[in-house]
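Report on the following structure.
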Amino acid sequence: MKNASLGLNVECRQSIIGLSSGTQTTQVCASLKACELLDDDRRAPVDILVALDVSGSMAGDKIKLCKSTLTLLLRQLTSEDSFGLISFSTDAIIEIPVSKLSTSARKAAIDKI
């Protein structure tokens, strides 16, 4: 079996949760870490569709952080990858239809965000 190319680490805010513990919900921090690829290995193309909450609760720093994260993501994707963006509040809107990320499509997506 080939080595995993992606590692996942999940940490809970509380150490104990459950029906009898008094804490039934918690927050988690999930971290993904990509492993090094061998020279002859190429990352498989990815198709990413983002659903972005643009409601009033996301105003200010929250939406700014999401937008900067999306810009960073777009800069890391290749022309073999596909990207799309749906925004939602009371209605959902297809902001960027899913398509391959040519140079012009990447620039248009970054400008739209």
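May I ask you to verify whether Lys33 is surrounded by 11 or more Cβ atoms within 10 Å (Cβ to Cβ), of a type in the set (D, E, K, R) and either modelled with pLDDT of 95 or more or within 16 Å of the chain's Cα centre (by Cα) (or both)? No, not satisfied. Against the condition free of Cβ contacts under 8 Å to residues at least 60 places away in the same chain and closer than 25 Å to Gly7 by Cα, how does Ser55 come out, does it pass? Judged against the criteria, Ser55 is not a match. For Asp81, are the conditions met, namely being among the acidic types (Asp, Glu) and under 15 Å from the mean Cα position of the chain (by Cα)? In short, yes.
Of the residues making up the stretch 80-100, those that are loosely packed, with under 15 Cβ neighbours inside 10 Å and touching a helix residue (DSSP H, G or I) at 6+ places or on another chain (Cβ under 7 Å) number 1. Residues in the stretch 54-107 that are part of a loop (DSSP other than H, G, I, E, B) and among the charged types (D, E, K, R): Glu80, Asp81, Asp91. Selection within the stretch 59-113: residues that are in contact with a Gly (Cβ under 8 Å, 6 or more places away or on another chain) and small (Gly, Ala, Ser). The member of this set that is farthest from Asp47 (Cα to Cα) is Ser89.
Check whether at least one residue in the stretch 55-64 is closer than 20 Å to Ile110 by Cα, at pLDDT 95 or above and open to solvent by less than 50 Å² (accessible area, probe 1.4 Å), and report yes or no. No, that holds for no residue.
The values are calculated or read from the model by the stated rules, or taken from the named source; none is laboratory data. Please read these numbers as outputs of a predicted model, since none were measured by experiment. We place every Cβ from the backbone using ideal geometry, glycine too, and count neighbours over all the protein chains shown. With ligands, DNA and RNA removed, areas are computed over all heavy atoms of the protein, side chains included. Shrake-Rupley method; radii C 1.70, N 1.55, O 1.52, S 1.80 Å.
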